[in-house]
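The structure appears below as structure tokens.
The values are calculated or read from the model by the stated rules, or taken from the named source; none is laboratory data. This one's a predicted model, so the numbers in the text were calculated from it and none came from an experiment. Note: ideal-geometry Cβ built from the backbone for every residue, glycine included; neighbour counts use all protein chains shown.
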Amino acid sequence: MGGETKRDAADFPAWHRWDRKFALVYILAAWGAILIGFYPSVSDRYLGKADYPAPAILQFHVFAFTAWMCLLTVQIILIRAGHQNLHKRLGIAAAIMVPILAVTGVGAELASQRFYSPKYPENLQFFIAPLVQMLVFSICATMAFLLRKDSAAHKRLILLSTSMILVAAYNRWWGEGLYQLFGDDFWGMIVHNFAGPNVLITAALAYDVISRRHIHWVHSSMVPAILLAELATSFVYHHPAWPPIARRLVGI
């Protein structure tokens, strides 16, 4: 993955007149999932109805996640307004937020596991999912920063990384319904956990084909890797050796 050749760049122009509309639709879909998925739990927490008090690590994660989404929204608006220089400067803030999001995301899940797993031991199976999600997010976001001078690759990596941290939002929205429809077997686990980001990723692939007539190398290389990560997640999730390992990792 050494980047695009001159021929690749010519065949896949960095900019298309529909790009700004696609980015706007993407961010609206993301915020829609966040508002619908998280509103009930956030509302309950502010009303004092949460299952457990929010530890500091969870509060930091919520702040970091919200800051990432707000920054992404601002970055999209800046590009639409033609303020590329400010967009680039703010990109440094996004790079700093990547490890913060990853660490607090895992920490928040640890807090959740330590509360729920003693009561519901089967909950330990799920611990593999956020670990993989944060890993994929970190890889894609880091690549986006390293390839920031390649705008076509950069923006696709940013959207891939953001899609992975929207898993919880979509799960809280339609995860239970998908669970009832598809169950929790090998493929069912993948469907009800990863349907949200996979819909966004499929839309990005379709947009490549519609706007450029072929798929960008970021998508052709990273999307199969993401799908393999999802398959690995379900394999570990269902393996009998995983819960004891997860128990030790969680510290219960």
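Given the conditions (1) buried (at least 21 other Cβ atoms within 10 Å of the Cβ); (2) at pLDDT 95 or above; (3) among the small types (Gly, Ala, Ser), and given that residue 168 satisfies all but one, which numbered condition is not satisfied?
(2)
If a residue must be closer than 17 Å to residue 161 by Cα, surrounded by fewer than 21 Cβ atoms within 10 Å (Cβ to Cβ) and not small (Gly, Ala, Ser), how many such residues does the range 209-225 contain?
So the count comes out to 3.
Based on this model, can you work out whether residue 110 counts as within 16 Å of residue 159 (Cα to Cα) and aliphatic (A, V, I, L, M)? Step through it out loud before you land on a result.
Details: within 16 Å of residue 159 (Cα to Cα): no; aliphatic (A, V, I, L, M): yes.
For residue 110, the condition - within 16 Å of residue 159 (Cα to Cα) and aliphatic (A, V, I, L, M) - is not met.
Which pairs have Cβ atoms under 7 Å, sit 6 or more apart or on different chains, and link a residue in the range 111-125 that is more than 17 Å from residue 236 (Cα to Cα) to one that is among the aliphatic types (A, V, I, L, M) and surrounded by fewer than 16 Cβ atoms within 10 Å (Cβ to Cβ)?
These pairs meet every condition: 114/252; 117/252; 118/252.
Cβ-Cβ below 6 Å, separation at least six or inter-chain, first residue in the range 225-238 and free of Cβ contacts under 8 Å to residues at least 40 places away in the same chain, second among the aliphatic types (A, V, I, L, M) and surrounded by 16 or more Cβ atoms within 10 Å (Cβ to Cβ): which pairs?
Taking only residues 6 or more apart or on different chains, not a single pair turns up.
Looking only at the range 135-143, decide whether some residue is part of a helix (DSSP H, G or I), touching a residue at least 24 places away in the same chain (Cβ under 8 Å) and within 17 Å of residue 58 (Cα to Cα).
Checking the range 135-143: not a single residue is part of a helix (DSSP H, G or I), touching a residue at least 24 places away in the same chain (Cβ under 8 Å) and within 17 Å of residue 58 (Cα to Cα).
For residue 127, indicate whether it is touching an Asp or Glu at 6+ places or on another chain (Cβ under 8 Å) and either surrounded by 15 or more Cβ atoms within 10 Å (Cβ to Cβ) or under 26 Å from residue 25 (Cα atoms) (or both). Give the derivation first.
Numbers: touching an Asp or Glu at 6+ places or on another chain (Cβ under 8 Å): yes; either surrounded by 15 or more Cβ atoms within 10 Å (Cβ to Cβ) or under 26 Å from residue 25 (Cα atoms) (or both): yes.
For residue 127, the condition - touching an Asp or Glu at 6+ places or on another chain (Cβ under 8 Å) and either surrounded by 15 or more Cβ atoms within 10 Å (Cβ to Cβ) or under 26 Å from residue 25 (Cα atoms) (or both) - is met.
Among the residues of the range 44-103, which ones are among the charged types (D, E, K, R) and in a helix (DSSP H, G or I)?
Start the filter on the range 44-103 by keeping residues that are among the charged types (D, E, K, R), which leaves 44-45, 49, 51, 80, 88-89.
Matches in the range 44-103: 44, 45, 80, 88, 89.
Among the candidates 200, 249, 205, single out the residue that is surrounded by 13 or more Cβ atoms within 10 Å (Cβ to Cβ), farther than 16 Å from residue 140 by Cβ and either in contact (Cβ under 8 Å) with a residue 60 or more places away in the chain or in contact with a helix residue (DSSP H, G or I) (Cβ under 9 Å, 6 or more places away or on another chain) (or both). Break it down into steps so the answer makes sense when it comes.
Working: 200 fails: farther than 16 Å from residue 140 by Cβ; 205 fails: farther than 16 Å from residue 140 by Cβ.
Residue meeting the stated conditions: 249.
Out of everything in the range 1-19 that is in a helix (DSSP H, G or I) and loosely packed, with under 14 Cβ neighbours inside 10 Å, what residue ends up being modelled with the highest pLDDT?
Residues of the range 1-19 that are in a helix (DSSP H, G or I), as a first pass: 6-11, 19.
Restricting the remaining residues to those that are loosely packed, with under 14 Cβ neighbours inside 10 Å gives 6-11.
Details: 6: 45, 7: 44, 8: 50, 9: 52, 10: 54, 11: 71.
Per the stated criteria, the residue is 11.
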